[in-house]
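Encoded as structure tokens, the structure appears first; notes follow it.
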Amino acid sequence: GAVVSQHPSRVICKSGTSVKIECRSLDFQATTMFWYRQFPKKSLMLMATSNEGSKATYEQGVEKDKFLINHASLTLSTLTVTSAHPEDSSFYICSARGDRGNYGYTFGSGTRLTVV
Amino acid sequence: KQEVTQIPAALSVPEGENLVLNCSFTDSAIYNLQWFRQDPGKGLTSLLLIQSSQREQTSGRLNASLDKSSGRSTLYIAASQPGDSATYLCAVNDNNDMRFGAGTRLTVKP
């Protein structure tokens, strides 16, 4: 079945630094990838939608200059949290949707980001 | 804008009990609906995917139904086990993106 690999699973960084999270579709081409953020005991909130080769579409309230998304190939999307602050600490999950099939989504295993 | 609501927010049951989790959505123009399981601090595990043309899907002890016209879905768990303890998320796909409910936190007591 479709597999999405997300890396790293956990990262701790200092305030002011940048962190890159990778999301790869391992056995299918993902024309569209999605990035979600989850606060403790809350549901997932869509941050942005990225289509291969074009600029990401950000949800209202999400700073595009802070959360840089690159979807340079059909199997890789990256989320870079720039100038991280403690309030950026959260659980980030990516998902991918392929071109064909039942339009089900496949999710990565998530990244726990802690900014200290 | 699609809104997804899950009831109850939390549920605690003794082992062996059958239970139903509810999900409702405001816009019936959906492609499909997916139920996920999330263990604490972990990612999502897809449980069942129901296409808009389907009424239900079954996998083992799980059965999910979909009534698109009324904007409702249920996840039925038979003979619950302690290992079923997790948060269950309902997500609606309208082909633009997925919208998630806040989840139901299930605890199955031995």
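Brief remarks on what is shown
- Point-charge dipole on Cβ atoms (K/R +1, D/E -1) for region B:1-87, about Cα centre, debye to 20: 200 debye
- Relative contact order computed over chain B (Cα-Cα under 8 Å; 6+ residues apart), in percent: 37 percent
- The heavy atoms of A:Lys66 offer some 30 square angstrom of accessible surface to a 1.4 angstrom probe.
- Within the protein assembly as shown, A:Cys13 have no other Cys Cβ under 4.7 Å of their Cβ and so lack a disulfide-compatible partner by this rule.
- Put simply, the amide H of B:Asp94, placed in the peptide plane, has neighbours under 5 Å in B:Tyr31, B:Arg99, leaving out anything fewer than 5 places away on its chain.
- Rounded to the nearest 10 Å², the accessible area of A:Val62 at probe 1.4 Å: 30 Å²
- Of all beta bridges that DSSP places with both ends in chain A, some 90 percent have antiparallel geometry.
- Under a model in which nothing but the beta-carbon of Lys, Arg (+1) and Asp, Glu (-1) is charged, region B:51-110 shows a dipole of about 180 debye around its Cα centre.
- Each Lys and Arg contributes +1 and each Asp and Glu -1, all at the Cβ; summed about the Cα centre of region A:44-88, the dipole is approximately 140 debye.
- Share, in percent, of DSSP beta bridges within the protein assembly as shown that are antiparallel, nearest 5: 90 percent
- Backbone phi angles across region B:99-110, fed through the Karplus curve with coefficients 6.51, -1.76 and 1.60 (θ = phi - 60°), yield HN-Hα couplings of 10, 9, x, 7, x, 10, 8, 9, 10, 10, 8, x Hz in residue order; Gly and Pro are listed as x.
- Lys/Arg +1, Asp/Glu -1 at C-beta; chain A dipole; positive extreme among A:Ser18, A:Pro86, A:Ala72: A:Pro86
- With every protein chain in place and a 1.4 angstrom probe, the accessible-area ranking of B:Leu33, B:Leu44, A:Leu68, largest first, reads A:Leu68, B:Leu44, B:Leu33.
- Ranking of A:His7, A:His71 by solvent-accessible surface, largest first: A:His7, A:His71 (1.4 Å probe, protein heavy atoms only, all chains present).
- Proximal lysines to B:Lys42, defined as alpha-carbon separation beneath 16 angstrom and excluding residues fewer than eight positions away on the same chain: A:Lys41, A:Lys42
- Take B:Asp94: with every protein chain present and a 1.4 Å probe, its accessible area is about 50 Å².
- Annotation for region A:1-91: GluC sites (Glu not before Pro) lying in DSSP loop with at most 11 further Cβ atoms inside 10 Å of their Cβ are A:Glu63.
- When region B:3-110 is described by a simple charge dipole with +1 on each Lys and Arg Cβ and -1 on each Asp and Glu Cβ, the residue from B:Pro110, B:Gln54, B:Ser70 located farthest towards its positive end is B:Pro110.
- Sorted largest first by accessible area at a 1.4 angstrom probe radius, with every protein chain in place, the residues B:Arg72, B:Arg61 fall in the order B:Arg72, B:Arg61.
- Test item: B:46-55 mean partner chain Cβ contacts at 10 Å: 2
The values are calculated or read from the model by the stated rules, or taken from the named source; none is laboratory data. Only a predicted model underlies this, so the values are computations on that prediction, with no experimental measurement involved. When we count neighbours, we look across all protein chains shown, and the Cβ atoms used for this are built from the backbone with ideal geometry, even at glycine. Surface accessibility is based on the protein's heavy atoms, side chains included, excluding ligands, DNA and RNA. Shrake-Rupley method; radii C 1.70, N 1.55, O 1.52, S 1.80 Å.
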